[in-house]
Amino acid sequence: ADSSVILRTCITQLKNEVFRRGYEWSPKFAVKCNDCGKEHEETTLECAECDSQNLRKPDKRQKAYANTLMHGCEYINDSEQMFIDVLKELEDDLNVMDDAYIVLVKEYFIDGNGNIRAHKIKQIFRADPVTMAIVCDDEGNKGGDTYTCIHHRDVVITESHEKCGECNGDVYPVHYINRAHGMAQNFIKGEVLHFSKYSPSRLYGTSPVITMWNHLTTLIAMENYINQAYTKARMPKGLLAVQTRNIESMKTFWRGVKEKMEQDAHFIPVMGIEAENGKGSVEWIKFMDSLKEMDYISVKEDLRDRVAAFYGVSKIFMADNSASGGLNNEGMQILVTNRAVEMAQNVWNKYVFPFIVKQFGITDWDI
């Protein structure tokens, strides 16, 4: 994905369009009944469900902490990343791996019985999908086999009633594990969200790069071919073979031709060849086909179009002016890409942001 300019262009353009307008808080309802819980989309003085007048508006205090953490001048984590930076990292993971992991670093409040009574989100990170894994049983249910301590994440226990060997604290089911740098770091429920974009399933997604592997490696090979053709390591275009009885005079002649061509680039050498049988011979042996003979441009455009079509990125978004004007409908090209952007935004609006809002304890607002 990093080596192919075509693929990276598609991913970058799609990512820029997805996050072009940023994000905002929106109320889940206009008013809500405190008696029956009915949420009304429009402001009213009386509940439509139970006729109660005990109504309230969305509580702005709910989003105060989250808004400060995500929208303020402070960074979202110790790596000095803004919230939008983490989201863009995760979008790249979706487009390359189709597996993205968002990690919430929490501070827990535990009662005397060892139960988690509350938590506070301190940081938000993107986890590397290469080192992250889902912990589940044979049926695909998360958090069924191993347990860990929230203070010592490297501790793994197979029985739920056992205590942590380090601090004698309670243990909780492991849902995810990170094996970076040869060390295991376990995560419990609510700390990690895994999501996919192109092939969502109970467990992992399927990388689009796998599907387009032959197309991408062919494009990279074509670009390498052009690179070598314009460097000193290239193969000669061909060989000029001349039949002669005097090799030394031939060498002397061409040495003189090279000297004259250095002085005059337009010098045309003239050479006569005398053969004993009266039949001279000059033969051109070609080693390389020209780019036109190999149909290089049309093949590359076809491969590019197939890669771009998968991501829904139209030519107009890849700075291809040949696709503009005349019978090329720019409006339709923009519509196609907008649909791909809408599909990508639905992943965030319907899966990721509701999870984050829930973990912040916010019930009256959406992102």
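Worth a mention:
- Segment 100-109, subset open to solvent by 20 Å² or more (accessible area, probe 1.4 Å) and either among the hydrophobic types (A, V, I, L, M, F, W, C) or in contact with a Cys (Cβ under 7 Å, 6 or more places away or on another chain) (or both), residue nearest to Asp170 (Cα to Cα): Phe109
- Residue tally, condition among the basic types (Lys, Arg) and at pLDDT 75 or above, over segment 225-253: 1
- Taking the conditions (1) more than 20 Å from Trp365 (Cβ to Cβ); (2) free of Cβ contacts under 8 Å to residues at least 24 places away in the same chain; (3) among the hydrophobic types (A, V, I, L, M, F, W, C) in turn, Ala64 satisfies each one other than (1).
- Residue count for segment 12-33, restricted to those that are touching a residue at least 12 places away in the same chain (Cβ under 8 Å), out of contact with any His (no Cβ under 8 Å at 6 or more places or on another chain) and surrounded by 13 or more Cβ atoms within 10 Å (Cβ to Cβ): 10
- Applying a threshold of 6 Å to beta carbon distances and a minimum spacing of six or more residues, or different chains, the list of pairs starting in segment 167-193 at a residue that is touching a residue at least 12 places away in the same chain (Cβ under 8 Å) and ending at one that is charged (D, E, K, R) reads His175/Lys142; His175/Lys189; Ala184/Asp154; Gln185/Arg153; Asn186/Arg153.
- Residues in segment 129-140 that are of a type in the set (A, V, I, L, M) and either open to solvent by 70 Å² or more (accessible area, probe 1.4 Å) or outside any strand (DSSP E or B) (or both): Val130, Val135.
Table: residues versus (1) under 29 Å from the mean Cα position of the chain (by Cα); (2) at pLDDT 90 or above; (3) of a type in the set (A, V, I, L, M); (4) buried (at least 17 other Cβ atoms within 10 Å of the Cβ).
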residue	(1), (2), (3), (4)
Asp98	yes, yes, no, yes
Asp111	no, no, no, no
Gly114	no, no, no, no
Ile124	yes, yes, yes, yes
Ala127	yes, yes, yes, yes
Lys142	yes, no, no, yes
His151	no, no, no, no
Thr158	no, no, no, no
His175	yes, yes, no, yes
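- Selected residue [in contact (Cβ under 8 Å) with a residue 12 or more places away in the chain, part of a strand (DSSP E or B) and under 16 Å from Ile124 (Cβ atoms)] from Leu104, Leu69: Leu104
- Condition met for Gly256 (at pLDDT 70 or above and in contact with a Leu (Cβ under 9 Å, 6 or more places away or on another chain)): no
- A residue that is open to solvent by 40 Å² or more (accessible area, probe 1.4 Å), within 30 Å of Val105 (Cα to Cα) and in a loop (DSSP other than H, G, I, E, B) occurs somewhere in segment 43-59.
The values are calculated or read from the model by the stated rules, or taken from the named source; none is laboratory data. Predicted, not measured: the structure shown is a model, and the values here were computed from it. Because the Cβ atoms are built from the backbone with ideal geometry, glycine has one as well, and the counts that use them run over all protein chains shown. Protein only, heavy atoms only, side chains kept; ligands, DNA and RNA dropped before computing areas. Shrake-Rupley method; radii C 1.70, N 1.55, O 1.52, S 1.80 Å.
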